[in-house]
Amino acid sequence: LLGDLNATNVIEDSEVATSGRFYTYAFWAQDDFRLKPNLTLNLGLRYDIHISPLRWDYNPMFEDPAAYPLDTNNIAPRVGFAFSPTATSVIRGGYGLFFEKQYVDRFNIFQQNPVYTNSFQALYPGDNVEPGPSNGRFPTHPLLVNGPVLNKQLINQLVPPGSIARNTGVVWLDNPERILGYANQASFGYERMLGQRLSVSADYTHMANRSLPLRFNMNPGIKPNTGRTTPVTRTDLLGVASDLGISPFTTDVFTRENIGWTDYDGLTMQLEKRPPSSWSGRVGYTIGRGWGNGDGGPTAVNNFQVLGERNLDLNVGPTSADKRHVMNLSGRFEPSRIPGLHASAALSMSSGTPFTIHNTNVDADRNGVLFDPVAPGTYSGTGLNALTVENEGGRNGGRGPAYRDLDLRIGYRVRRVGQGRSLDLFLEAFNVMNDPNFSNPTGDMRSGSFLVPDSLAGGGFPRQFQIGARFGF
């Protein structure tokens, strides 16, 4: 039986730095049981407790400002097996319940955007420019009179220590029902040897992610028409402002609800030639589908809320990381007649990831969020490298460019460099076919760059070569 304790106490971004501390206690037990010479069973159980004792002042969702969410219902069983019906084949499978880790990004936004804050900027003078230095004189403002030295006593009078300011931007409020999402994962596969060094396998994987966080606006806006710039009228759905005894909020007031879900189903097939021999290689292909009422990320949003109606059915679509087809080929060759020489290659190909085609010229659902998918159909951009996309409609109804990358490497190990020493010379080529491998373009029809890729995907750099040497001792 093992256990661990993790503690993190720094939360900060580019503008606001706050401190906090949260704890994760994890206990687990796991063991293998060999029931027969050809059958092995693996059983495990894990239990997590997540504690984030942060104080939420000015948050009416907590009756006690010192209260905080306590996630204790995280019991995760695991089971797996491997069965060899013959000497050259194996059937394997498993199931596990997995809870997310308590990452800082789950709640730092609540600390950075509260109703009131004691971390703010007070600008003096706030409505004009200090005239002194512009006219060749010392500053004339009382805070900097007769020289650029702060009058700290006056600052403390204007902004006494302990002062707080109301957040005039977007507000985020934590809620006592916040928990961590979880995933039910199951797999089943078969592998068989075809000769001494060749094998073929197929594995099916299913993932069902539940209780994922989705953004909910407690102070949503509504427009009288579909105009892009028409002002919104806001409704405090839960009476947050009145509970706090303050004037109504004029911006969004967000919280996160654990109502998101995503599913993934994938089939992976592989053919592998193993060493030792003059060459080895692997061919792998995966066909999969990711789907849900969110994009699959930890900070997923729902742009279809209209007042108190969440309209989650409109948010159902492919996850942002969904790739229907992925293929990888790799190999290595070492000719026996030339000791020390080797060559290798790796080819990666995948279909494009989804994105949403929409038009921010109009606000079709009048909710003040300019993100309304357009009707299904064929859409084309205008300009260099512009794409034509078959749009299925809805969130993530379009598909971006496919990805292809071929890398090569040729190396030679010099044998006679001394005892315990080695010298390797190599030439490497990346993206040999010079495929552009663009990332997804903007799907906003209002943009001048609509369906025109303008950035490269990760690893999608142009063709590159490098020559190197490595000396080992």
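General observations
- Yes/no for Glu63 being out of contact with any Asp or Glu (no Cβ under 8 Å at 6 or more places or on another chain), modelled with pLDDT under 95, over 29 Å from Gly245 (Cα atoms) and open to solvent by 60 Å² or more (accessible area, probe 1.4 Å): no
- Residue count, the stretch 306-341 (criterion: more than 23 Å from Ile357 (Cβ to Cβ), open to solvent by less than 80 Å² (accessible area, probe 1.4 Å), at pLDDT 95 or above and part of a strand (DSSP E or B)): 6
- Taking the stretch 239-288 as the range and being within 20 Å of the chain's Cα centre (by Cα), open to solvent by 40 Å² or more (accessible area, probe 1.4 Å) and of a type in the set (Phe, Trp, Tyr) as the test, the residues that pass are Trp261, Tyr264.
- One residue from Arg210, Arg197 being touching a residue at least 24 places away in the same chain (Cβ under 8 Å), surrounded by 15 or more Cβ atoms within 10 Å (Cβ to Cβ) and among the basic types (Lys, Arg): Arg210
- Selected residue (criterion: nearest to the chain's Cα centre (by Cα)) from residues of the stretch 396-436 that are of a type outside the set (Asp, Glu) and open to solvent by less than 20 Å² (accessible area, probe 1.4 Å): Asn396
- Some residue of the stretch 217-231 being among the aliphatic types (A, V, I, L, M), farther than 30 Å from Gly281 by Cβ and assigned to a loop (DSSP other than H, G, I, E, B): yes
- Residue check for Gly411: at pLDDT 95 or above, part of a loop (DSSP other than H, G, I, E, B) and in contact with a strand residue (DSSP E or B) (Cβ under 6 Å, 6 or more places away or on another chain): no
- Yes/no for His358 being surrounded by fewer than 18 Cβ atoms within 10 Å (Cβ to Cβ) and either at pLDDT 95 or above or under 23 Å from the mean Cα position of the chain (by Cα) (or both): no
- Within the stretch 375-408, the set of residues being under 14 Å from Phe450 (Cα atoms), of a type in the set (A, V, I, L, M) and part of a loop (DSSP other than H, G, I, E, B) comprises Leu384, Ala386, Leu387.
- In the stretch 169-212, the residues that are in contact with a Lys or Arg (Cβ under 7 Å, 6 or more places away or on another chain), farther than 30 Å from Tyr58 by Cβ and not β-branched (Val, Ile, Thr): Tyr182, Gly189, Arg197, Leu198, Ser199
- Considering the stretch 289-304, the residues that are open to solvent by less than 30 Å² (accessible area, probe 1.4 Å) and either acidic (Asp, Glu) or in contact (Cβ under 8 Å) with a residue 60 or more places away in the chain (or both) include one that is nearest to Arg106 (Cα to Cα), namely Ala300.
- Pairing residues of the stretch 165-182 that are farther than 16 Å from Pro220 by Cα with residues that are open to solvent by 30 Å² or more (accessible area, probe 1.4 Å) and in a loop (DSSP other than H, G, I, E, B), at Cβ distances under 6 Å and at least 6 apart in sequence or on separate chains, gives Ala165/Phe120; Asn175/Met61; Leu180/Glu100; Gly181/Glu100.
- Within the set Gln153, Gln112, Gln102, the sole residue that is at pLDDT 85 or above and in contact with a strand residue (DSSP E or B) (Cβ under 7 Å, 6 or more places away or on another chain) turns out to be Gln112.
- Criterion: open to solvent by 40 Å² or more (accessible area, probe 1.4 Å) and not basic (Lys, Arg) - qualifying residue of Ser449, Ser439: Ser449
- Restricting attention to the stretch 420-452, the residues that are closer than 28 Å to Ile467 by Cβ and either touching a helix residue (DSSP H, G or I) at 6+ places or on another chain (Cβ under 7 Å) or in a strand (DSSP E or B) (or both) total 9.
- Remark: pairs (first residue in the stretch 373-388, closer than 13 Å to Arg399 by Cα; second residue hydrophobic (A, V, I, L, M, F, W, C); Cβ separation under 7 Å; 6+ apart in sequence or on different chains) = Tyr379/Ile357; Tyr379/Val389; Tyr379/Leu451; Ser380/Ala386; Ser380/Leu451; Leu387/Leu451.
- Residue check, Leu341 in contact (Cβ under 8 Å) with a residue 60 or more places away in the chain and more than 22 Å from Asn209 (Cβ to Cβ): yes
- Leading residue by the ranking (nearest to Pro335 (Cα to Cα)) among those in the stretch 253-290 that are modelled with pLDDT of 95 or more and of a type in the set (Asp, Glu): Glu272
- Criterion (small (Gly, Ala, Ser) and out of contact with any Asp or Glu (no Cβ under 8 Å at 6 or more places or on another chain)) met by exactly one of Gly288, Gly281, Gly260: Gly260
The values are calculated or read from the model by the stated rules, or taken from the named source; none is laboratory data. As the structure is a computational prediction, the values presented were derived from the model and not from experiment. Glycine gets a Cβ as well: all are built from the backbone with ideal geometry, and neighbour counts include every protein chain shown. Accessible surface areas use protein heavy atoms only, side chains included; no ligands, DNA or RNA. Shrake-Rupley method; radii C 1.70, N 1.55, O 1.52, S 1.80 Å.
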